[in-house]
Each structure stands twice: as structure tokens, then as C-alpha cells.
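Asker: Encoded as C-alpha cells, here's the structure I'll be asking about.
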Amino acid sequence: MLRTLDTFAGRVIALAAVLGTLGLLAEVVVILIDVIGRYFGSPLRGAQDVTQMAMVVLVFGGMALCDRQGGHIAVDLFERSFPAWLNKLTDIVAAVLGAMVFGLIAWNMWKSASISQMLNLSTNIINLPKDWFQYYVVVCCVITAAGMTLRAVYLSLGGSVTRPEGYNS
């Protein structure tokens, strides 16, 4: 059951990462066109709006993948002096707290998106609807929170923490 859930989570996380990659590509293309256009005296209209929204897609799209690969910043100052059970406990607590934080971000963004939808809020220059991007953040935060919860359950059931390459243990 846990293996099936992990496989499903991996696919959903990969999809979010692909969307984040598309956000990065859109951002690069828009900035490139804008810079070239500025050189010729005709900057791209709305480049700032597209860049800001692409950054939202990029950051939140890659967050779950970053967590799954153990890429978040971690301070291991006391890890070598703690017993193994305490290190495992801190990993479980960190995963649970991370899931709670992303759950709270999703909840607040959901409320913010409803207000944006009600007031028909959009970006300043080319009027991109903000609620679409806010709902995207909600989905990505839920995916990240679910991944962190799955990691906490896995660790609680006796699984081991995988460390990213280059980690000195």
C-alpha cells in the first residue's frame, strides 16, 4: 500500500516539477525577448507580469520535488552527537511541521484566491487573472504537504532517511 502511494506521489510530484520547468522556460523566453526588444527600443509589454507569475509556477512547482530529493536546507550541527533515534525523531517532526506549514500556506492561498476571484483581481499590465496562479499554489502546496506527510509515515514505520549526494555522514 505504501509503495503504491509512493509511486503515485512520485508521478504527481514529477508532474508538478514539469509544470515548474515550463514556468522556468516561459520566464527565460520572456526575459530574452524583453531584453532584445529593449535593445531595439521596443520592450515586451507585460514582461514583468509574465515573469512574476512564471516565478510563482517555478517555485511552487519544484517545491515537492525538492522535498522528495532531500534538497531543503538542513543544519546538521548536532546530528553526529545525537543518538540515531533522536535524529530519526527530528526528521519525522520536521516532515510533520513542514506538512503543516504547507497546509497552512494552501489554506491561506485558497482564501486569497477566492477573494481575488470575487474581486476579479489581475496583474497590472496585461491583466492576467491572479486567482488561477493562486489556485495553482494551493494545488502545489497540497502536493508538497502530502509528500511530507508520506515521508513522516514512512520514517515512522521504520524507513530510513535518504540523504542527497554529497552529504557527509
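For (1) exposed (fewer than 15 other Cβ atoms within 10 Å of the Cβ); (2) without any contact (Cβ under 8 Å) to a residue 40 or more places away in the chain, each residue gets a yes or a no:
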position: Phe8; (1), (2): yes, yes
position: Pro43; (1), (2): no, yes
position: Val59; (1), (2): no, yes
position: Ala64; (1), (2): no, no
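Asker: Test of understanding: among Ala95, Ala54, Ala14, which residue is among the small types (Gly, Ala, Ser), surrounded by 14 or more Cβ atoms within 10 Å (Cβ to Cβ) and within 27 Å of Trp132 (Cβ to Cβ)?
Answerer: After applying the criteria, what remains is Ala54.
Asker: Taking the stretch 20-77, which residues are within 30 Å of Ser160 (Cβ to Cβ) and part of a helix (DSSP H, G or I)?
Answerer: Result: Gly20, Thr21, Val59, Phe60, Gly61, Gly62, Met63, Ala64, Leu65, Cys66, Asp67, Arg68.
Asker: Let me ask something else. Any residue at all in the stretch 149-167 that is among the aliphatic types (A, V, I, L, M), within 22 Å of Gly62 (Cα to Cα), in contact with an Asp or Glu (Cβ under 6 Å, 6 or more places away or on another chain) and at pLDDT 95 or above?
Answerer: There is no residue in the stretch 149-167 that is among the aliphatic types (A, V, I, L, M), within 22 Å of Gly62 (Cα to Cα), in contact with an Asp or Glu (Cβ under 6 Å, 6 or more places away or on another chain) and at pLDDT 95 or above.
Asker: Given the criteria assigned to a helix (DSSP H, G or I) and within 15 Å of the chain's Cα centre (by Cα), does Val139 qualify?
Answerer: So Val139 passes the test.
Asker: For Asp67, work out the one condition from (1) over 24 Å from the mean Cα position of the chain (by Cα); (2) within 30 Å of Asp131 (Cβ to Cβ); (3) of a type in the set (Asp, Glu) it doesn't fulfil.
Answerer: Here Asp67 clears every test but (1).
Asker: Just to be sure I understand, how many residues within the stretch 109-120 are more than 23 Å from the chain's Cα centre (by Cα) and among the aliphatic types (A, V, I, L, M)?
Answerer: The number of residues fulfilling the criteria is 2.
Asker: Considering each of Gly70, Gly103 in turn, give the residue that is at positive phi and either surrounded by 13 or more Cβ atoms within 10 Å (Cβ to Cβ) or in contact with a helix residue (DSSP H, G or I) (Cβ under 9 Å, 6 or more places away or on another chain) (or both).
Answerer: Gly70
Asker: For the stretch 109-134, name all the residues that are of a type in the set (Ser, Thr, Tyr) and not in a helix (DSSP H, G or I).
Answerer: Result: Ser122, Thr123.
Asker: Could you run through the stretch 78-92 and say how many residues are assigned to a loop (DSSP other than H, G, I, E, B), surrounded by 13 or more Cβ atoms within 10 Å (Cβ to Cβ) and either modelled with pLDDT of 90 or more or of a type outside the set (Asp, Glu) (or both)?
Answerer: Adding up the residues that qualify gives 1.
The values are calculated or read from the model by the stated rules, or taken from the named source; none is laboratory data. Bear in mind the structure is a predicted one, so any value in this text is a computation, not a measurement. Here Cβ is always computed from backbone atoms with ideal geometry, including for glycine, and neighbour counts include all displayed protein chains.
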